[in-house]
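Encoded as structure tokens, the structure appears first; notes follow it.
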Amino acid sequence: MNQLTLFDDGPQLARASDPVTSKIAAKEFDQRRDKVKQAFLTALADLGGGPCTAREVAERAREMGLHAEVESVRKRAAELDKAGLITFDELRRCGFTGKLAEGWRLLK
């Protein structure tokens, strides 16, 4: 069996042999994920374009009313980096967790 991915921009989330409901759910997930990625980018821009940790960006997105789920927004950093929209800038201490984390900077 070939496991499909939920979190990459890789293969489609539904197989040709999957039921129609699975295909609809996969399409809806893609649309939600795109909205969450945009929330990350908007919040990072609002924070001056970085460097900011993914958690700082996600908390700002929540404060701005862009997306209520901080973890959903935070997890989009790697996808946005892979897409060339943000980049690693520096290691920095997160203002929310106090832990050393990657600081992200907006590219476009």
Revision key, fill the gap. Within segment 46-56, the residues that are surrounded by fewer than 17 Cβ atoms within 10 Å (Cβ to Cβ), of a type in the set (Gly, Ala, Ser) and either within 20 Å of Lys35 (Cα to Cα) or at pLDDT below 95 (or both) are Gly49
Point to revise | Condition met for Gln38 (at pLDDT 95 or above and under 30 Å from Ala16 (Cβ atoms)) | key: yes
Check your understanding: Looking only at segment 60-89, which residues are over 18 Å from Ala45 (Cβ atoms) and either surrounded by fewer than 16 Cβ atoms within 10 Å (Cβ to Cβ) or touching a Pro at 6+ places or on another chain (Cβ under 8 Å) (or both)?
Key -> Ala68, Glu69, Glu71, Ala78, Lys82
Practice item. Give me a count of the residues in segment 57-108 that are in a strand (DSSP E or B), free of Cβ contacts under 8 Å to residues at least 24 places away in the same chain and under 18 Å from Lys37 (Cβ atoms). Key: 2
Practice item. Return yes when Arg33 is over 19 Å from Leu100 (Cβ atoms) and either loosely packed, with under 14 Cβ neighbours inside 10 Å or in contact with a helix residue (DSSP H, G or I) (Cβ under 9 Å, 6 or more places away or on another chain) (or both) and no when it is not. Key: yes
Point to revise | Residue identified as basic (Lys, Arg) and more than 13 Å from the chain's Cα centre (by Cα) among Lys23, Lys37 | key: Lys23
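The values are calculated or read from the model by the stated rules, or taken from the named source; none is laboratory data. Model, not experiment: these values are computed from the prediction. Glycine also receives a Cβ, built like all others from the backbone with ideal geometry; neighbour counts cover every protein chain displayed.
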